[in-house]
Amino acid sequence: MQTRVSQRDDLTFRDRICGRLSCALWSGVASALAPVLRPYLARRVRRGKEIAARVCERRGIATLPRPEGPLVWLHAVSVGETLSILPVIAALHHARPDLHFLVTTATTTSAALLAQRLRELPDGLQVIHQFVPLDVPAWMRRFVRTWHPDGAILTESELWPNMIAACGHEDVPVLLINARMSDRSYAMWRRLPCLVGAMLRALAWVCARSAEDARRLHALGRTDIALLGDLKDAASLPQKDTDLALLKQQVGNRPVWIAASTHPGEEEIVLQAAALARSQITDLLTIIVPRHPERGAGLMPLVGLHAPRRAMGQAPAPGDSVWICDTLGEMELFYALHCPVLMGNSLLPAPQGGGHNPMEPARLGNALASGPAIANFRQAFAALGDAVTYVANAQELACWVVDMLRDEGRLHDAMTAGRAAATRDAQVAQRVAAGILKVVYR
């Protein structure tokens, strides 16, 4: 059911002037920086962070033509947000088969994931990908004039003043879905109240992922906020049975556990725990899935130069104790092993750590552990309650792994508790899609 957070519209003349001045200042600074941003993009190309043939897209220059007919633009900055909007695209397509979709991302990883996952969506979907321009007024205006979408849908915390202003100039409504306001973002925007207030007031529709995020958006100046659920808790796209069968064959009958979405500095702790656990379970296999797959090669000095890497097409031999799974878009496949899973980005203190969304592995039937740093997903972890075990160091992590793998009853209970707590709300995407259509095509 949709609920709303609203407040009295007591915007003062001073608030309006302050907002306009803040946006004008941002625009002026961004325009002044434009000459510097060109060599910045060139350096990113040399470092493999941009695609040379498409770097012009970051300046708002299209590399594909706009299709005829209605077009909706969805922007997702990185991998997690890209995955979260795919069910929304499918729901929009179901409701309006005539729609074309323009999806922008900011990273090459998310672009590659999008290309991979589009093959799993319904036939007939018309999706174009472009890299989002940097928030320079002239570049954003060029982008919006070229594509002129019927509506622009931003995800989570993607608030960019010149992007919103360019859409406003072309009468393109801007919507924010699955709106998120982390501790860090909230603290930053509270120091820039005029700027964030002006952006939030310019949005045609906002739906927040949680009541806490809605309260923070409310405090920052948004008048009307819908609560429709968290898109990242929606149903996942299925994995192919053949892929899962091959993965199980590669793992064999060995006991296995997963360190999922790890970040720099965590792998050392994971490897210490793996060694401790392996001293008691001699054939134990540890699967490390780095959050950013391109880090796979850099983990080899820690793991051992002869350790197998999935990105290289290598599977673990019986004597291998660690498998680096540095491939893109396969997290759900690994979760289908139904084993103990440590959620990464949680073993290091803030600001490095903050956790990752535990709902997906819980829904798919895995026993869960996490470090203490979970600020980015407090509500999700709270919803899981006792289904998550918290560990503070390698010793505690190793004990948890051993306990789970030696006691089948306890492992089964942990998996069942997680699945029960992470009740799947498969209708979130449909509700969000309905809200988008009501605003964009009213």
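The values are calculated or read from the model by the stated rules, or taken from the named source; none is laboratory data. Here the structure is a predicted model, which is why all the values come from computation and not from measurement. Here Cβ is always computed from backbone atoms with ideal geometry, including for glycine, and neighbour counts include all displayed protein chains. Just so you know, the surface numbers come from the protein's heavy atoms only, side chains and all, with ligands and any DNA or RNA stripped out. Shrake-Rupley method; radii C 1.70, N 1.55, O 1.52, S 1.80 Å.
Details
- Segment Y390..H306, full-extension length gain: 27.1 nm, with 0.36 nm per residue of separation and the alpha-carbon distance subtracted.
- Percent RCO, i.e. relative contact order, over the chain, from Cα pairs under 8 Å lying at least 6 residues apart: 14 percent
- The calculated FRET efficiency for D407 paired with D243, based on their beta-carbon distance and R0 = 30 Å, is about 0.55.
- Remark: spin-label model distance D171-R201 equals 2.3 nm, labels positioned 7 Å along the Cα→Cβ axis.
- Percentage, to the nearest whole number, of Cα pairs in the range 112-261 over 20 Å apart: 62 percent
- Computed over the chain, the per-residue total of -39500 (n - 2.57) for DSSP H runs of n ≥ 4 gives a 222 nm mean residue ellipticity of -14000 deg cm²/dmol, rounded to 500.
- Remark: the range 12-51 carries a charge dipole of roughly 220 debye about the Cα centre, counting +1 on each Lys and Arg Cβ and -1 on each Asp and Glu Cβ.
- Computed over protein heavy atoms with a 1.4 angstrom probe, the accessible surface ordering of R378, R43, largest first, is R43, R378.
- Proportion of all alpha-carbon pairs of the range 230-340 beyond 17 Å (%): 53 percent
- Within the chain, DSSP assigns beta bridges of which about 10% are antiparallel (rounded to the nearest 5).
- Computed over the range 291-379, the quotient of the alpha carbon radius of gyration and 2.2 N^0.38 Å is 1.17.
- Looking at the range 245-348, the accessible area is 39 square angstrom per residue; that uses a 1.4 Å probe and ignores ligands, DNA and RNA.
- With pairing defined as another cysteine C-beta under 4.7 Å, the cysteines of the chain that fail it are C23, C56, C167, C207, C325, C339, C399.
- Hypothetical label at I281: residues of the range 345-380 whose amide nitrogen lies under 19 Å (7 Å Cα-Cβ projection): 361-362, 364-371
- Fully extended contour minus Cα-Cα distance, from R119 to V439, at 0.36 nm per residue: 112.3 nm
- Taking the Cα centre of the chain as origin and assigning +1 to Lys and Arg Cβ atoms and -1 to Asp and Glu Cβ atoms, the resulting dipole is close to 1520 debye.
- Only the Cβ atoms of Lys and Arg (+1) and of Asp and Glu (-1) were treated as charged; on that basis the dipole of the range 375-442 about its Cα centre amounts to roughly 660 debye.
- Ranked by solvent-accessible area (1.4 Å probe, protein heavy atoms only, all chains present), the residues K438, K232, K49 order from largest to smallest as K438, K49, K232.
- Take each peptide in 192-200, 413-421, count the other Cβ atoms within 10 Å of every residue, and average; sorted highest first, the result is 192-200, 413-421.
- Å² of accessible area per residue within the range 56-158, as computed with a 1.4 Å probe and no ligands counted: 33 Å²
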